[in-house]
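For reference, the structure discussed in these notes is given below.
The values are calculated or read from the model by the stated rules, or taken from the named source; none is laboratory data. Owing to the predicted nature of the structure, the values given are computational and were not obtained by experimental measurement. Glycine also receives a Cβ, built like all others from the backbone with ideal geometry; neighbour counts cover every protein chain displayed.
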Amino acid sequence: KVNEKDTDTLCCVTSTAPVNIAMIKYWGKKDTDLIIPLNGSLSATLDQGQLCAKTSVAISRSFKNDRLWLNGTEQSIDNPRIQSVLNEMRRRIRKRKFDESDLSESFTQGMSKWHLHIVSVNNFPTAAGLASSAAGYACLVHALSKLFNIEGEVSSIARVGSGSACRSMYGGWVEWLPGEDTGSSIAVQVAPEDHWPEIRVLILVVNDQKKPVGSTDGMQATVRTSDLMQYRAKKVVPKRINMIKKAIFDKDFETFAEVTMKESNQLHAVCMDTHPPIFYMNDTSKQIIRFVHDFNNEENTIRAAYTFDAGPNACIFLLEENVKKFISSFSRKFPPSSYENYIRGIPVNFEQPTPATPVKGDLLKYIIHTKVGAGPAIVGDEAESLIGNDGLPK
Ligand code: DP6
């Protein structure tokens, strides 16, 4: 914790934050500056043991300007989303009530004017196609709110960085309440990470060269041109949020899975209804959908659910007891060119169909095996900081 004596030295905080995967999808804004969504959404926060962002933020009177380094490269701090977060953070600092035992008002007010150095890394490859911006902005906001001692609701600060980032501010099962303005469009935890410990998540990383249309542009094209989108936001999503929340509370996997798959399909349906249409799934994605339905039909019970975001990679939700069976059966159908480093994350002892017969074009790169996990956390050990004593990346 900083105090007034330290004004010339460097104050630094390091946090880690998770990735989240939505079962009920956010797609479309009614306010593009404040990032107020057309409909609510609901996600699972993934364990940081497998996937996370890590961010160190430092402040010092000696810094000449704000600077940002992402995955080892300095980036412009003028990125409007980063600026929104910094402005919102500084606004909160200025308006908060000061507690006598806290930092003195003049000191923190002064601090809000000093410059920041921000260093952030993801521990997962961009190929994983995960919304790395969600973990990144959640991590930035967590670290800054600790540095400036901001108490209470901060998911709305993460939201102005990237909408889905507000859901990464909590662990477990998280709902983003759409709200009407910046104060009411916030994330809330609907159940903690230990509520349904049997749930496992497989991210099937598909081989794909194409760079899809980014979510930010894609969703507004949908809002502008799709008639289905209005129906979805008003009529479909509110019902599905209630259904899936009940399924999560009751640990009713079948209902959970059905709503999740229908939601994914509806997201891609409104993308197709966008004019001109947007395609995020490729042929492998569609084969994976077929595979999951066949896998479920085999024993006449829903044992796995797929969900796809703005890219071709599939995210599979299933119970731990079905992981081995799923991967064995999946790798028979989609044999990788090598089993080396094929399963990443939580180890699985599955039957390797030998020899692996590579199919033309290698449909799949690898699988990340993970589970539901906790929200952002402070990294206490200074050795783990990404910023050195000179205020620059280590
Ligand atoms: C398909 O949060 O990346 O992953 O708010 O413009 O930054 P911006 O968009 P972003 O959109 C994510 C959309 C999604 C669905 C979801 O995560 O709910």
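Listed by first and then second residue, the pairs linking a residue in segment 150-177 that is under 14 Å from A374 (Cβ atoms) to a residue that is part of a helix (DSSP H, G or I) and away from the ligand (no atom under 14 Å from the Cβ), with Cβ atoms under 6 Å apart and 6 or more places separating them unless they lie on different chains, are W173/I248. For the structure I just gave you, tell me whether K286 is of a type outside the set (S, T, N, Q) and exposed (fewer than 14 other Cβ atoms within 10 Å of the Cβ). Here the answer is yes, as K286 does meet what is asked. Of all residues being of a type in the set (S, T, Y) and away from the ligand (no atom under 16 Å from the Cβ) in segment 21-62, which is farthest from the chain's Cα centre (by Cα)? Just the residue, please. So, considering only residues that are of a type in the set (S, T, Y) and away from the ligand (no atom under 16 Å from the Cβ), the one farthest from the chain's Cα centre (by Cα) is S62.
Residue-by-condition table, conditions (1) surrounded by 24 or more Cβ atoms within 10 Å (Cβ to Cβ); (2) within 14 Å of the ligand (Cβ to nearest atom); (3) among the charged types (D, E, K, R):
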| position | (1), (2), (3) |
| --- | --- |
| E153 | no, no, yes |
| S168 | yes, yes, no |
| L177 | no, yes, no |
| T182 | no, yes, no |
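Of the residues P312, P336, which is free of Cβ contacts under 8 Å to residues at least 40 places away in the same chain and either in contact with a Leu (Cβ under 8 Å, 6 or more places away or on another chain) or crowded, with 21+ Cβ neighbours inside 10 Å (or both)? Step by step, each of P312, P336 is checked, and only P336 is free of Cβ contacts under 8 Å to residues at least 40 places away in the same chain and either in contact with a Leu (Cβ under 8 Å, 6 or more places away or on another chain) or crowded, with 21+ Cβ neighbours inside 10 Å (or both).
Has segment 282-289 got any residue that is assigned to a helix (DSSP H, G or I), more than 16 Å from the ligand (Cβ to nearest atom) and polar (S, T, N, Q)? Looking for residues that are assigned to a helix (DSSP H, G or I), more than 16 Å from the ligand (Cβ to nearest atom) and polar (S, T, N, Q), one finds at least one in segment 282-289, hence yes. Between T255, T182, the distinction of being among the polar types (S, T, N, Q) and outside the structural domain of A134 (by TED's automatic domain parsing) belongs to T255 only.
Considering segment 193-224, and only residues there that are at pLDDT 95 or above and surrounded by fewer than 15 Cβ atoms within 10 Å (Cβ to Cβ), the residue that is nearest to the ligand (Cβ to nearest atom) turns out to be D217.
Would you mind finding the one in T222, T182 that is more than 30 Å from V348 (Cβ to Cβ), touching a residue at least 60 places away in the same chain (Cβ under 8 Å) and in a loop (DSSP other than H, G, I, E, B)? Of T222, T182, the one residue that is more than 30 Å from V348 (Cβ to Cβ), touching a residue at least 60 places away in the same chain (Cβ under 8 Å) and in a loop (DSSP other than H, G, I, E, B) is T182.
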